[in-house]
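In what follows, a single structure is set out as structure tokens and then discussed.
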């Protein structure tokens, strides 16, 4: 099987999203009904998230516009007041960002030359003299589960728990060791590995976060970040083995890493318990060649499976399916259907994928049966956390029910029961339990069955033991009372067309073998060990929109 060089995906709009923190510790906030902008929120939510649209960029500055997730631009008026709307001229709404060595930004209005500042509540542009009140700390508005890519070395960071080090030597980010939790606390960042250790200033991995694991971050548009200790030391790959450690003399931009959300890798198993690989389904064990990146457009039910060799599964002549496709080939797009936690893949020709007698993957079945159902398991996430429109799912000292508006997520250990079915275990070793009202507690004595179905890149649905899908409630309580997608469900998909709801029947009895349902969406990442506090209520819009568990 020919290999191609693994290419990291292109930057997306969400890679340019940040929250801007004022000197008072509050976030620049889009006020929905006041036609203004404030700096009162204490947490990073949708209305505190801004897309940085770059017009031109240099080493220490860039000309940008700031656009809210609602599609409106931050505008500076002649009297120094700020509002949001549409730019009236080519320079209206343009700011010159100065990147300071401390990691902070200053934003200067192109037209007036005045700096963006806050008094702790209101935001305005009135002063041309730079001061500490004009400093803003950028915080990447990215899901906390990230990967770090070195464009200079063309490799990803990888934690090595046996040696207690982090190396930048992984050409493909398919292992759980390539994923890190990026914690933000008191203006600094902590990198936690999948083994729950933290990268320290002394180059090793330690068990607990401290001042020795706190890094300052410089952020540039495009997802570029550089981490430092605040005393002149920069974090960059060093030596022949590319050890990620602090140094004082990086060359040619070695310190700049690309921060991206961790992709989802899965393994597929046939009814004979053999894992699907780039060659055939013959192995009873997971190998690097049996791992596939789950790439799905959230606006359609089509799926691409990218193998570790850099190619995609594609339908070829004589109904064979091979891992030699390229990203833009129509033959690499498969329609996915779910049945009791197992996935069914439909090729562009309309036939369903199955395993032939010789172990090869073929697209030959006109109606799906057990041979066309594949068990699917997360390969680089041994546990997960859920995040919705209002925040992460976790526990609160003020409530005995699981909440969905937390600033940090709780760990949900996945104990596989059978394909697609898991037991949810809390951090203390107890199990999730469900109340008669559809709410959850994390201290159950008995394991319950939860069904997980992937619905997009880093998106999934959770079917609770009561037969309903989980959703985030505006009150902050996690509930399982949704039968289908509604305005109150955890879904980012609009209801699909009738053609996507078709039932597949067997010829003898015409009973539905696979029924396609609309699902509610959530996202996955690793847990955190930091304290958990509810996100401020002003982080959420009052407009009645779907409460999505998505990677914002």
- Task: Please provide three numbers in whole Å: the alpha-carbon extents of region 17-60 along the principal axes, with the largest listed first.
- Result: 34, 22, 15
- Message: Can you classify region 131-290 as rounded, prolate or oblate using the Cα gyration tensor, where a ≥ b ≥ c are the square roots of its eigenvalues, rounded means a/c under 1.5, and otherwise it's prolate if a/b beats b/c and oblate if not?
- Response: prolate
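Over region 13-140, what relative contact order in percent results from Cα pairs under 8 Å that are six or more residues apart?
Values: 308 pairs, mean separation 32.9, N = 128.
For region 13-140, the relative contact order is 26 percent.
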- What does region 269-324 give for Rg and for Dmax, in Å, if only its C-alpha atoms count? 12.0, 34
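Show me 99-106, 29-36, 55-62, 216-223 ranked by packing, highest mean number of other Cβ atoms within 10 Å first. Walk me through the numbers on the way to the answer.
Numbers: 99-106: 17.8, 29-36: 15.2, 55-62: 12.4, 216-223: 19.4.
Ranking the peptides 99-106, 29-36, 55-62, 216-223 by packing returns 216-223, 99-106, 29-36, 55-62.
Sorted by mean Cβ packing within 10 Å, highest first, what order do the peptides 440-447, 347-354, 257-264 take? Intermediate values should be presented prior to the final figure.
On the way: 440-447: 15.4, 347-354: 19.0, 257-264: 22.0.
Highest to lowest by the protection proxy: 257-264, 347-354, 440-447.
Quick check: from the Cα gyration tensor, does region 13-140 come out rounded (a/c under 1.5), prolate or oblate? Kindly include the intermediate steps, with their values, before the conclusion.
On the way: a/c = 1.11, a/b = 1.05, b/c = 1.06.
It comes out rounded by the Cα gyration axes.
Computed from the coordinates by the stated procedures, all read-outs in this text should not be read as laboratory data. None of these values were measured; they are calculated from a predicted model. Positions of Cβ are backbone-derived with ideal geometry, glycine not excepted, and every protein chain shown enters the neighbour counts.
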